[in-house]
Each structure stands twice: as structure tokens, then as C-alpha cells.
Amino acid sequence: MTERIEQRAALFLLGREEPDWSPQQEAEFQTWLAQSDRHKTVFWRLEHGWRAADRVRAIGIAPLPPRC
């Protein structure tokens, strides 16, 4: 179930970045957020990570190499 919530949160996160994000989609997102504190927590955690990655890219820090 958590994976499903994370997938939905990720779709909302990406969708909200699109220029054609509609008021109807925003209303659906807000309704989904209001349904559960878990929805809010998962979305905000993903959003925080997304914004942090943007900041790292903006200042030019190279990503860490994958662990083997």
C-alpha cells in the first residue's frame, strides 16, 4: 500500500510541474492530500527530496557515484 501511495504522490509531484496542470487536477490533488496524513507525509517527503535535488544541481555538485 505504501508503494501505491508513493507512486500516486510522485505522479502528482511531476504533474504539478507541467504547464498544462489544470484546476481540476489541482482539486483532485488537494482532495487526495486531505484524505490521509500518510498522503501528506509521503508527498511532502518526495517534494522535499525533489527540491533538494534541484538545489544540488543548481550549485553544480556532482552526484555521488553508485554504491557497489
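The values are calculated or read from the model by the stated rules, or taken from the named source; none is laboratory data. The shown structure was predicted, so the numbers you read here are calculated from the model rather than taken from an experiment. Using ideal geometry, Cβ is built from the backbone for each residue, glycine included, and neighbour counts are taken over all protein chains shown. To get the accessible areas, we keep the full protein, side chains included, count just its heavy atoms, and leave off ligands, DNA and RNA. Shrake-Rupley method; radii C 1.70, N 1.55, O 1.52, S 1.80 Å.
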Next item on the list: Using the structure shown, decide if Thr2 is of a type in the set (Val, Ile, Thr) and without any contact (Cβ under 8 Å) to a residue 24 or more places away in the chain.
Entry: no
Check: Do you know which residues across the stretch 25-52 are closer than 15 Å to Ala10 by Cβ and polar (S, T, N, Q)?
Finding: Gln25, Thr41
Note to self: Every residue in the stretch 30-39 that is open to solvent by less than 60 Å² (accessible area, probe 1.4 Å) and assigned to a helix (DSSP H, G or I), please.
What the structure shows: Trp32, Leu33, His39
Notebook entry, point to check: So how many residues does the stretch 8-29 have that are in a helix (DSSP H, G or I) and loosely packed, with under 11 Cβ neighbours inside 10 Å?
Noted result: 3
